[in-house]
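The values are calculated or read from the model by the stated rules, or taken from the named source; none is laboratory data. Just so you know, these numbers come straight off a predicted model, no measurement behind them. Ideal geometry is used to build each Cβ from the backbone, glycine not excepted, and the neighbour counts take in all protein chains shown. The protein model used for the area step is the full one, side chains on, heavy atoms only, and it has no ligands, DNA or RNA in it. Shrake-Rupley method; radii C 1.70, N 1.55, O 1.52, S 1.80 Å.
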Amino acid sequence: MPTRLLDTTDLFAALPADVVSGLQEQATTRRYARNEVVFHQGEGADELFVIDRGRIAIAQRSSDGRESVVAVLEAGEMFGEMALFDEEPVRAVLRAQPGLLWVVVRLLSLRLRATDEALADAVFLDVPARTAKRLLDLSSGRDRFSLPITQEELAGMVGASRERVNKAISLFTRLGWVSLEGRNQYRILDRQALEERAAL
């Protein structure tokens, strides 16, 4: 695993260089095929993953088989980080430098906030509003962007059927808020209107 990946994450950037170096020595590089499952919900967590290239979808599956994509993580982001605190080198550093626990608290707070926001969106926002919000998130502030996920994955993130999400996007197109410029290529024409719709 390239050292820069550890250095650029919020968690590892706050750790002493010798600790990061020690953890780097224990790291391995793995390759996963498209749609390959890294681990299933409910499995015991004993590994931390940092994405070097590509992207990872974090999804939950309901008892009736429906799947909801909670998040799409890009290169440089990490998941499974809670397992890291079972590693003795990290625990030793936290015991020696308890001030670093605030980094952990901030990390947990961000995760909790994201979960709370996703729950609130599902309860209070309709499908067009959730679709607008996801498009804004995936644009990363750019007016022109390529959708980094499939239509099915976008529908999973929105928490609706692909048909309903496509209907919402078609509405945005007719209203002149968004235009499609090729396969999965989007252009935001009226960001303010899209933001206002996402907040309804």
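List of remarks:
- Residue within segment 107-122 that is within 18 Å of residue 16 (Cα to Cα) and assigned to a helix (DSSP H, G or I) present: yes
- Lone qualifier among 194, 154, 136 - being assigned to a helix (DSSP H, G or I) and more than 19 Å from the chain's Cα centre (by Cα): 194
- Residues (within 22 Å of residue 88 (Cβ to Cβ), surrounded by fewer than 10 Cβ atoms within 10 Å (Cβ to Cβ) and modelled with pLDDT of 80 or more) located in segment 27-57: 28
- From 142, 191, 113, residue being under 25 Å from residue 47 (Cα atoms), open to solvent by 30 Å² or more (accessible area, probe 1.4 Å) and basic (Lys, Arg): 113
- Scanning segment 123-133 for residues that are part of a helix (DSSP H, G or I), open to solvent by 50 Å² or more (accessible area, probe 1.4 Å) and modelled with pLDDT of 80 or more yields a count of 1.
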